[in-house]
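The values are calculated or read from the model by the stated rules, or taken from the named source; none is laboratory data. The structure presented is a predicted model; accordingly, all values stated were derived computationally and were not measured. Cβ placement follows ideal geometry from the backbone for every residue including glycine, while neighbour counts extend to all protein chains displayed. For accessibility, only protein heavy atoms count, side chains too; no ligands or nucleic acids. Shrake-Rupley method; radii C 1.70, N 1.55, O 1.52, S 1.80 Å.
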Amino acid sequence: MRFYQADPKLEHYWRGVILFGRNVASYKFALAHALYDLKQPDNDLIPLETLAVPFARHICAHLKLAPKQITSQRSQFLDACLQFNNGDITEDQLTGITVKLGFAAVINAFHNVNQAEIDKRFFLDERKMSKGIRLTDNYYYLTENNQFPNLIQETDARWRLVEEAWAMGVSRNLIAVEYDNDSKMLFSRRSNQRINITSCRDSLNGYQKGYCFYCFRPVSVVMAEENLADVDHFLPFTLNDAISNLDGVWNLVLACQSCNRGAKGKFARIPSTKLLQRLHDRNEYFINSHLPLRETLIRQTGNTPALRHNFLQQRWQRAKNTLLHEWEPTAQGDGIF
């Protein structure tokens, strides 16, 4: 898959799992969060009883906000999580049920992307031999990467977006994800009510692999970090009267502070045609990511690659005719998306 083949680093393989794996349940996200929580165990073998505690805890926490965590009608495991949330069973009882029912499919399916297994495994299935999973060196290397804090937030953002898609029933009513420039949040509307979903930074960062869209300088989505990314409008928001829906996901990118507002930053200039092609490629990652930004991008820009490319080209030309000046920064890293 081009997403991680273009730059085959471990964090991009991991992002491939989170962003492009098939979603019929939220268990993959819960398993990822459980592994984040257990990132430095004394033994690389994690017994299912140990794994079950954070796995179930994350599922239970999300169930309180989003009752739909699976596409099928019923799940005995989710019923047990609801019973725990209601105080009807103990944590020990929930752990036992999780060991028995919670990992039935997710451990086997975790590394599958586009109906094939990725080249890098982060754990081995040793349930038959050792009643657990064994973390690989790949996972330990991943935890030592400076991108690791970003991965945690990206996973939860993806989980929240998938939940909202299921809550709205995307097969019947395609989700429309909108952006609030003041709060930097993505939101949707359900029954005429605004539903905040997740941070825009956290949602976009994985698709840009943790780099500035324009110059490929590393950025962060962690609020306290010095290199915190800015959410930027690719076509400047000053064109809002001339071009509709500039707050659409199709026009939002993450930029380093230098590109967005530094001395040689973009400001009210038009990114070059090379950067326009990069925007198209980034948006196609959304399209290949199944739910739910796929649905938003198709609704906003067209249902074929040719229509989406033409959509961007027309709006870029309208912006160029209005603002005239093109802009492109000096690259600070290799082009990897």
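None of Asn150, Asn85 is closer than 30 Å to Gly210 by Cα and either open to solvent by less than 40 Å² (accessible area, probe 1.4 Å) or at pLDDT 95 or above (or both) except Asn150. Return a yes/no flag: does segment 266-274 have any residue that is assigned to a strand (DSSP E or B), open to solvent by 20 Å² or more (accessible area, probe 1.4 Å) and touching a strand residue (DSSP E or B) at 6+ places or on another chain (Cβ under 6 Å). No, that holds for no residue.
Within segment 34-42, does at least one residue satisfy the condition of being surrounded by 20 or more Cβ atoms within 10 Å (Cβ to Cβ) and within 21 Å of Gln76 (Cα to Cα)? Yes; the residues of segment 34-42 include at least one that is surrounded by 20 or more Cβ atoms within 10 Å (Cβ to Cβ) and within 21 Å of Gln76 (Cα to Cα). For segment 8-18, check the following and say yes or no: at least one residue is in a helix (DSSP H, G or I) and more than 27 Å from Gly210 (Cβ to Cβ). No. Count of segment 43-82 residues, restricted to those that are loosely packed, with under 15 Cβ neighbours inside 10 Å and not in a loop (DSSP other than H, G, I, E, B), is 4. Count of segment 202-225 residues, restricted to those that are touching a strand residue (DSSP E or B) at 6+ places or on another chain (Cβ under 8 Å) and either open to solvent by 30 Å² or more (accessible area, probe 1.4 Å) or within 21 Å of Ala331 (Cα to Cα) (or both), is 14.
Have a look at Phe216, Phe237, Phe187, Phe267 and point out the one that is among the aromatic types (Phe, Trp, Tyr), over 20 Å from Leu297 (Cα atoms) and touching an Asp or Glu at 6+ places or on another chain (Cβ under 9 Å).
Only one candidate qualifies: Phe216.
This table checks each residue for (1) over 20 Å from Thr95 (Cβ atoms); (2) in contact with a Lys or Arg (Cβ under 8 Å, 6 or more places away or on another chain).
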site	(1), (2)
Tyr36	no, no
Asn43	no, no
Leu48	no, yes
Ala56	no, no
Ile59	no, no
Leu63	no, no
Arg74	yes, no
